[in-house]
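Peer 1: Sharing a structure here in C-alpha cells format.
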Amino acid sequence: MRFGEGLLRSRELAEDTVQEVLLNLWRQRETVRVDNSVRAYLYRAVRNRALNHIRNERVRREAVPQLVLESREAEAGDAGLLETELEATVRAAIAELPPRCREVFELSRIRGLKYSEIAEALGISIKTVETQMGRALRSLRDRLAQFMR
C-alpha cells in the first residue's frame, strides 16, 4: 500500500489500486501464473496499474480540454468568437481563485513547475500544493462547465 501511495501520491488512489490488483488476482486465480514470489508479483502489478493510472490521467488532462474546444469550434460558426469568449472566461475564473490557490495554479499550469518545485518555492508541503490544485481545478471546472458539454 505504501508503495502505491508513493507512486500515486494519494492514499485513496493507492487503496483503490491495491484493491483492483487483488480483485483482479482473485478473479484470475485459476489462470494466473506466479513464477517467483507472490510479493514480487503484487509489487509489479501495483506498479504497473499505478503507472497506467498516471499515464491515463495525463492523457485525459491534456486531451479533454482540447477535444472539447475542437468540438465546440466545429459546432460554432465563428470559432474565433468562441475562443475569445473561452479565453476571457478562463482568465476571469483564474482571477477569482483565492490568492494562494491562484498562485499554486499559475505556477503549475502557466509556468509548468512540478508540485515539488512549487512546494519548495512557496515553503509549503506537496500535499498542500495538491490540495490547492484540486480546489483550483474544481472551481475552474465549475466555472467552465458550459464549454465542456
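Peer 1: How large is ³J(HN,Hα), in whole Hz, for each residue of the range 122-132 in order, when computed from phi with the Karplus curve 6.51 cos²θ - 1.76 cosθ + 1.60 and θ = phi - 60°, using x for Gly and Pro?
Peer 2: Coupling constants for the range 122-132: 9, x, 10, 7, 4, 4, 5, 4, 4, 5, 5 Hz.
Peer 1: Based on the Cβ-Cβ distance from ARG39 to GLU15, what FRET efficiency comes out when R0 is 22 Å, to the nearest 0.05?
Peer 2: Taking R0 as 22 Å, the efficiency between ARG39 and GLU15 is 0.75.
Each value in this text was obtained by applying a stated rule to the coordinates, not by laboratory testing. These numbers were taken from a predicted model, which means no experiment stands behind them. Every residue, glycine as well, gets a Cβ built from its backbone with ideal geometry; the counts of neighbours run over all protein chains shown.
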